[in-house]
Amino acid sequence: MFSIYHFFAHLLATRAELPAIPVLDDFPFDLAMLSCRNKGKFPDLAIRISPPNPDFTGGELIELKDSQSYGISSFNSTIPTGKKEIRKVVLNERSGTYRQMAAAGDDVDSLPIRDVFYLVRGRKGNNIKVCLIHGSFFETVKVEALLRQAFSKVIDERIEAGNFEISEETKRAFVELFSEQAGFSKVRDVENASVKLRFRVMTEAKAEGNILNSTKYPEIGGNTLNFLVPIHSVEDEERERQRMQIVFGESISNLTSFPLKHTLNGYFLVFQATL
């Protein structure tokens, strides 16, 4: 059985390594649980797809975020989201990620929409916080809307600075053109230029989206390992607790659990253990 819940169980079983290991990417992850492992591109890790099961699909994508402070390092590869289409991650069968997944036995297209999680580690003095957190914690505005609104601000600023005049219709057309992140990820080759150009969107967590921020989220204390999943109803919370019960059995009593209110995006259920 493979899933993000089993991945968290592995983290808990090997939690003594989390404060000690200098680089999170070097953590001794359970490779048998993974369908791919990358360096420098999204996803850093992917969970293998689970055999058909009503409780666990597996296939989750994981990005590692390691910091020497209680700030979350920038998201350089992709804008954080709660879910991703796998075909926007692996564009074709020749990609290294696709080949890794297939070699691990996954039918990659059998799970077209994947949940995204971030394994976040931060330090402050002798304290460390580690959170395995669903990407919706950072996605309080959908990516397309985020890009549209950001580029709308850019256009407004350029119009004001250059004293230009364009119609609202033209402005909307420009904004729409830049609403897909895929348009930035390609390398552009310009004739007679000795360099190639690629625009890159970098994302930084504000205080409201920083789970390590002690003022915004005091429930996430120092020297703790945390697992956070979104809950939108009582039924969601019951389902998440049932999944954890299946994975942990009686040892679930070793975890503290409580709902945490995101300042912008509803509630998350936290399972917490000390480090």
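Restricting attention to segment 173-218 and to residues that are of a type in the set (Lys, Arg) and surrounded by 13 or more Cβ atoms within 10 Å (Cβ to Cβ), the residue that is modelled with the lowest pLDDT turns out to be LYS206.
The set of residues from segment 26-39 being surrounded by fewer than 15 Cβ atoms within 10 Å (Cβ to Cβ) and assigned to a helix (DSSP H, G or I) comprises ASP26, LEU31, ALA32. The residues of segment 199-227 that are charged (D, E, K, R) and in contact with a Ser or Thr (Cβ under 7 Å, 6 or more places away or on another chain), listed by number, are GLU204, GLU208, LYS216. Every listed requirement among (1) modelled with pLDDT under 95; (2) closer than 26 Å to ASN226 by Cα is met by GLU93 save one, (2).
In segment 88-207, counting only helices (runs of 4 or more DSSP H) that sit wholly within it, the ones holding 3 or more residues that are outside the structural domain of CYS36 (by TED's automatic domain parsing) and more than 16 Å from the chain's Cα centre (by Cα) span 143-162, 168-177, 182-185. Restricting attention to segment 99-147, the residues that are farther than 21 Å from PRO218 by Cα, charged (D, E, K, R) and surrounded by fewer than 18 Cβ atoms within 10 Å (Cβ to Cβ) add up to 5. The single residue among ILE79, ILE72, ILE21, ILE62 that is in contact with a Pro (Cβ under 9 Å, 6 or more places away or on another chain) and under 30 Å from ALA150 (Cβ atoms) turns out to be ILE62.
Would you mind stating whether ILE231 is surrounded by 13 or more Cβ atoms within 10 Å (Cβ to Cβ), within 26 Å of MET1 (Cβ to Cβ) and assigned by TED's automatic domain parsing to the domain that holds ILE133? So ILE231 passes the test. When restricted to residues that are within 10 Å of ASN226 (Cα to Cα) and of a type in the set (A, V, I, L, M), segment 116-132 contains 4. Exactly one residue among ASP66, ASP55 is assigned by TED's automatic domain parsing to the domain that holds GLN242, touching a residue at least 40 places away in the same chain (Cβ under 8 Å) and exposed (fewer than 15 other Cβ atoms within 10 Å of the Cβ), and that residue is ASP55.
The values are calculated or read from the model by the stated rules, or taken from the named source; none is laboratory data. In this text, all values refer to a predicted model and were calculated from it rather than measured experimentally. Don't worry about glycine lacking a Cβ; one is built from the backbone with ideal geometry, like all the others, and counts go over all protein chains shown.
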